[in-house]
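Taking it in order: structure first as structure tokens, then the write-up.
The values are calculated or read from the model by the stated rules, or taken from the named source; none is laboratory data. Not measured: the values here are computed from a predicted model. Note: ideal-geometry Cβ built from the backbone for every residue, glycine included; neighbour counts use all protein chains shown. What goes into the accessible areas is simple: the full protein's heavy atoms, side chains included, and nothing from ligands, DNA or RNA. Shrake-Rupley method; radii C 1.70, N 1.55, O 1.52, S 1.80 Å.
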Amino acid sequence: MSRLFVILAWFLAVGVAADPPGVKQGVLDMRQWNFKEGGAVPLTGEWRFSWRQLVDPGSDQAPSSFTYFPVPSVWNNKHAGGQALDGFGYATYQLTILLPEDAPKLCLDLPEFHMASALWANGKLIATAGEVGTTRDRELPKSVP
């Protein structure tokens, strides 16, 4: 069962902020965020979403088409870019996070899903679960805490 190639995370750092910035049109601007006072930031909002495309995160090339899709959300029975989405398929989610130059070391708190996924940051693979594929035969879902 093909699911998704995911660049998906719910929280940056630890805890939840009182009034955090949100993701708008694929960008989370945290350049004015005070990490000590504000705490963690949920990575929720409008992510770039490319249905049935695995975008090479190591290249600067934009996907041939994308739309903005709410995160967190599931794509079953939703529409994106004028197209009906079913429960089987794959996609790329993309997010740009703008940080201040003096940002502290940060971490991602990822929920556990039973699917294949790959998480990239700055063109580097930092986490995987299973094997991402574009067909059921090439997909191997896995739960990784």
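Overview of results
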| item | result |
| --- | --- |
| Stretch gain in nm, segment ASP109-THR135, where the contour uses 0.36 nm per residue and the Cα spacing is subtracted | 6.5 nm |
| At R0 = 22 Å, FRET efficiency that the Cβ-Cβ distance of GLN53 and ASP19 yields, to 0.05 | 0.05 |
| Charge tally in the Cβ shell below 12 Å around ALA80, where Lys, Arg are +1 and Asp, Glu are -1, ALA80 excluded | +1 |
| Under 17 Å from the Cα of LYS24 - lysines, other chains or at least 8 residues apart | none |
| Histogram of C-alpha separations across the range 63-122, 10 Å bin width, % | 13, 45, 30, 11, 1 |
| The range 105-145 - accessible surface per residue (Å², probe 1.4 Å) | 73 |
| Most positive-pole-ward Cα, LEU125, MET115, VAL144, against dipole of the range 106-145 from beta carbon charges | LEU125 |
| Hull-based mean projected area of the range 96-139, where the convex hull spans the alpha carbons, in square nanometres | 4.3 |
